[in-house]
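> Here it is, the structure in full.
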Amino acid sequence: MYWLKPGIKKDLEKRWRLPDRIFFGRGACHILAGVYLDAPPLPGFRAQRIVPDDGYAGNHIFLTDGAIAFDFHGYSIRDRLLAQHWRGWSKRYPSWTGAVEDVDFPLLDTAALNARKMLGPDQYGYDPVARAQRLLARIDHAAAYRAAAALVGN
């Protein structure tokens, strides 16, 4: 896992200059998921959220069809994505734990996001929606999905 240096998430300029994978993996995962769902490149995906127990960081929003997941890494096996997330946070905080739940709020609505301690798309200083659209446009979704699906059971 990648850990940001202290202060980067609070500095809009430094945060914006992060590479896409880090930007969407460390604080803007909900924007990527919301843009994906606004114009789904593949059908059947829904958003899920990893919610850490009280007192811990580690919130993460990803998309899944139940077996395959999509987030800033691209397409992967859902169970492996969850295991990696748990390993990474538990390594840093040995008593870390959390739960996975379906997302039941609009992922691009500032008020709904702020209520859950996430920034809305208009609070990044620049346009994270357009950035997410560009990132999604660079992916061959069907081929990447097939590659991840071929690993199920391996």
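> Given +1 on the Cβ of Lys and Arg, -1 on the Cβ of Asp and Glu, and no further charges, what dipole in debye does region 55-154 carry about its Cα centre, rounded to the nearest 20?
On the way: 11 positive and 10 negative charges, 101 e Å.
Approximately 480 debye in magnitude.
> What ranking do 37, 107 get, fewest neighbouring Cβ atoms within 10 angstrom at the top? Don't skip to the end; give the middle numbers.
Working: 37 16, 107 24.
Listing 37, 107 from fewest to most nearby Cβ atoms yields 37, 107.
> Next question, about the same structure. Fewest first, what order do 14, 91 take by the number of other Cβ atoms within 10 Å? Intermediate results must be reported in sequence, preceding the final value.
On the way: 14 13, 91 10.
Placing the least packed residue first, the sequence is 91, 14.
> Sorting 96, 86 on the 10 Å Cβ count, fewest up front, what's the list?
Values: 96 19, 86 15.
With the sparsest Cβ surroundings first, the list reads 86, 96.
Computed from the coordinates by the stated procedures, all read-outs in this text should not be read as laboratory data. Since we're looking at a predicted model, the values are computed, not measured. Glycine also receives a Cβ, built like all others from the backbone with ideal geometry; neighbour counts cover every protein chain displayed.
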